[in-house]
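The values are calculated or read from the model by the stated rules, or taken from the named source; none is laboratory data. For clarity, every value in this text was computed on a predicted model and none was experimentally measured. So basically every Cβ, Gly included, is an ideal-geometry build from the backbone, and we count neighbours across all protein chains shown.
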Amino acid sequence: MTTVVKAINIHKNFNGQAVLTGVDLDVSDGEVLCILGPSGGGKSTLLRCLNHLETLDDGVVWIDGSIIGYELRDGGVLRELPPRKVRRQQREIGMVFQHFNLFPHMTALQNVIEGPVKVRREPRAAATARGKELLAAVGLGDRGGAYPSQLSGGQKQRVAIARALAMNPKVMLFDEPTSALDPELVGEVLDVMRKLAASGTTMIVVTHEIAFARDVADRVAIMVDGTIREIGPPSEVLANPQDPRVRSFLTRVLN
Amino acid sequence: MLSQAAPETNRVGADALQQRSYKIVRLKHPGRWLSGVAVVILLALLVKAFADGKIQWDVVGKFLTAEVILRGFANTLLISFFAMIIGAGLGTLFAVMRLSQNPVTRFVAWLYVWIFRGTPVLLQLLIWFNIALVFPTITIPGLYEARTVDVVTPFVAALLGLGINEGAYMTEVVRGGINSVDHGQTEAAKTIGMSRFQTLWRIILPQTMRLIIPPMGNSAIGMLKFSSLATAISFTEMLNAAQQVYFVNGAVIELLLVCAVWYLLGTTVLNIVQFYIERYYGRGVARGASRPPFRFSFGLSRTAPRQANEEQS
């Protein structure tokens, strides 16, 4: 198994408040990692550090051959990269947000092809053809012309997934993708993610959907107070947690 | 009030409700009829006063399409249009500067707004017009040299004065618009690798347009009218043309009324244009795309959005 994502000793503070206090992570090619844990445990911040939406206070993120956001210098110095170089890295890391963040003034299809056409400079016709394929793959082949305001929450999130996939990312990050959805719409988004996982996409998913983690994840990580307390196959971590904080969290969410 | 004064009259035993279906009688509003009639009478008196007044309506009619007036109006439109373009451009530029990470850039933008919003337009126009007193010549070393009075014609002075002043107001409008766009939009643009300029141009500004257009429409209407101030620096826009005519023929009110007609026509057209621009940028927002085409309501519809809603249902 080749490693695709490697995070070492990630520290992050917000105004002196420590949010991440030394997170280490290894994700292999094609692996699905679900990150669970109580609110305020640093799950979303960790994801945002992985694609450099947040800068780091210590540690390093490495994705498929390059250090994200920094350049390694002699003596363990990480120097911030200029925005142009960071953007090249970021576009290879797909991200799906809790609140979708679709561009409201563009149709579903325009949302999907914006990156390929404007960032990767693909010919519009090719990008459109591929965009339609992606929309069909998330079950929205007939909704390409719809604006986000005309779509349900579940449909919006599926468009957002297609938009991220359009950049052919090396890894997909999901930041609580179903938390803003009405309960009856959660299933359709999870189904798409399941298909994506089955197709061998490397995925890191911050979620509260324990059932999804149990079924789909190769490994589950439980984050409490800014560190990963327990990580392993769902059958072990969810059924037989060792750490007392993890145990108390799991009893709360499983009952 | 009525129910408080005589609460007993509303008291009804439950056994009085014998029927399932009732004829509902709406409350009458005699006061509305009275005030309506009173206003119509006052309006009629006003119209009669003007009709009997010392206005040579035939002169108004004659000069309405006089070449000198039309040429003046063309100049009014020209200066307003280009000053708005300059204003919108400067406004966007300085709004972005005000939101910059760089404190120097932020300060310069603040200074611009502070100076040009804090002094009268008329004064600014006069300064631009007299700028030759400060800088007698304009020189780009080795490339260009000219006397300032030849370059800064009344038209150029009016364009600079009105445009730069407008830019100061637009800065605040655009800044408000940019600030209102959710930060998640910027983050989403980042994750697909868009540059800061692309994000601004493709993602942020189109979304601010919906919010910027209404105040910008007000500005455009204001600009059409404020351009008349350029008469003070002898730019021959419509009001200046009208003055030149009535200095000769003495038909003061008649020519001013001619101007009023053209200004009203211009602002009315701007209202219609604004409606369609708003509708365009409202696409993707609920109801934005399906609003009916423009029609004159003459102030008769009470709340336009509610009415649109009722028509749909």
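Answer yes or no: is there a residue in the stretch A:48-60 that is of a type outside the set (D, E), surrounded by fewer than 23 Cβ atoms within 10 Å (Cβ to Cβ) and more than 20 Å from B:E187 (Cβ to Cβ).
yes
So in the stretch B:201-216, with the set limited to residues that are surrounded by fewer than 21 Cβ atoms within 10 Å (Cβ to Cβ) and in contact (Cβ under 8 Å) with a residue 60 or more places away in the chain, which one is farthest from the other protein chains (Cβ to nearest Cβ)?
B:P214
Give me the residue from the stretch A:188-234 that is small (G, A, S) and touching a residue at least 12 places away in the same chain (Cβ under 8 Å) and, out of that set, surrounded by the fewest Cβ atoms within 10 Å (Cβ to Cβ).
Only one residue tops the list, namely A:G200.
For B:A260, all conditions in the list (1) small (G, A, S); (2) away from chain A (no Cβ under 14 Å); (3) touching a residue at least 24 places away in the same chain (Cβ under 8 Å) hold save one; what is the number of the exception?
(3)
Looking for whichever is buried (at least 16 other Cβ atoms within 10 Å of the Cβ), modelled with pLDDT of 95 or more and not small (G, A, S) here; the options are B:E237, B:E187. Which one fits?
Step by step, each of B:E237, B:E187 is checked, and only B:E187 is buried (at least 16 other Cβ atoms within 10 Å of the Cβ), modelled with pLDDT of 95 or more and not small (G, A, S).
Being at pLDDT 70 or above and assigned to a loop (DSSP other than H, G, I, E, B) is the filter; apply it to the stretch B:269-284 and report the residue that is farthest from A:Q110 (Cα to Cα).
Taking the stretch B:269-284 and keeping what is at pLDDT 70 or above, we get B:269-283.
Adding the requirement that they be assigned to a loop (DSSP other than H, G, I, E, B) leaves B:282-283.
Working: B:G282: 16, B:R283: 13 Å.
Looking at the filtered set, the residue picked out is B:G282.
For (1) more than 16 Å from B:T92 (Cβ to Cβ); (2) at pLDDT below 95; (3) aliphatic (A, V, I, L, M), each residue gets a yes or a no:
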| site | (1), (2), (3) |
| --- | --- |
| B:E166 | no, no, no |
| B:S180 | no, yes, no |
| B:I212 | no, yes, yes |
| B:G222 | yes, yes, no |
| B:V248 | yes, yes, yes |
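Before we move on, is B:L265 part of a helix (DSSP H, G or I) and touching a residue at least 12 places away in the same chain (Cβ under 8 Å)?
In short, no.
Tell me, which strands (runs of 3 or more DSSP E) lie completely within the stretch A:40-152 with 2 or more residues that are within 12 Å of chain B (Cβ to nearest Cβ)? Break it down stepwise before answering.
Numbers: elements: A:58-63, A:70-73, A:77-80, A:93-96.
By residue number, A:93-96.
Among the residues of the stretch A:14-39, which ones are assigned to a strand (DSSP E or B), surrounded by 14 or more Cβ atoms within 10 Å (Cβ to Cβ), in contact (Cβ under 8 Å) with a residue 40 or more places away in the chain and not small (G, A, S)?
A:V19, A:L20, A:T21, A:V23, A:L25, A:V27, A:V32, A:L33, A:C34, A:I35, A:L36, listed by residue number.
Check off (1) in contact (Cβ under 8 Å) with a residue 24 or more places away in the chain; (2) farther than 30 Å from A:H99 by Cβ; (3) surrounded by fewer than 19 Cβ atoms within 10 Å (Cβ to Cβ) for B:Q243 and give me the number that stays unchecked.
All conditions are met except number (1).
Take A:R84 and decide whether it is touching a Gly at 6+ places or on another chain (Cβ under 9 Å), farther than 30 Å from A:A146 by Cβ and charged (D, E, K, R).
Taking the combined requirement at face value, the residue does not satisfy it.
Show me the helices (runs of 4 or more DSSP H) found entirely inside the stretch A:161-255 where at least 1 residues are among the basic types (K, R).
Fully inside the stretch A:161-255 and qualifying: A:183-198, A:210-216, A:244-254.
For a quick check of your reading of the model, give me the residue pairs whose first member lies in the stretch B:160-176 and is among the polar types (S, T, N, Q), whose second is crowded, with 24+ Cβ neighbours inside 10 Å and in a helix (DSSP H, G or I), with beta-carbon atoms closer than 6 Å and at least 6 apart or on different chains.
Here the result reads B:T171/B:G91; B:T171/B:F94; B:T171/B:A95, each pair linking the stretch B:160-176 to a residue that is crowded, with 24+ Cβ neighbours inside 10 Å and in a helix (DSSP H, G or I).
Tell me, which helices (runs of 4 or more DSSP H) lie completely within the stretch B:99-158 with 3 or more residues that are among the aromatic types (F, W, Y)?
Working: elements: B:103-117, B:121-129, B:148-151.
Because the criterion is at least 3 residues that are among the aromatic types (F, W, Y), the helices (runs of 4 or more DSSP H) in the stretch B:99-158 that meet it are B:103-117.
For B:G87, are the conditions met, namely being of a type in the set (G, A, S), within 30 Å of B:N165 (Cβ to Cβ) and assigned to a helix (DSSP H, G or I)?
Answer is yes for this residue.
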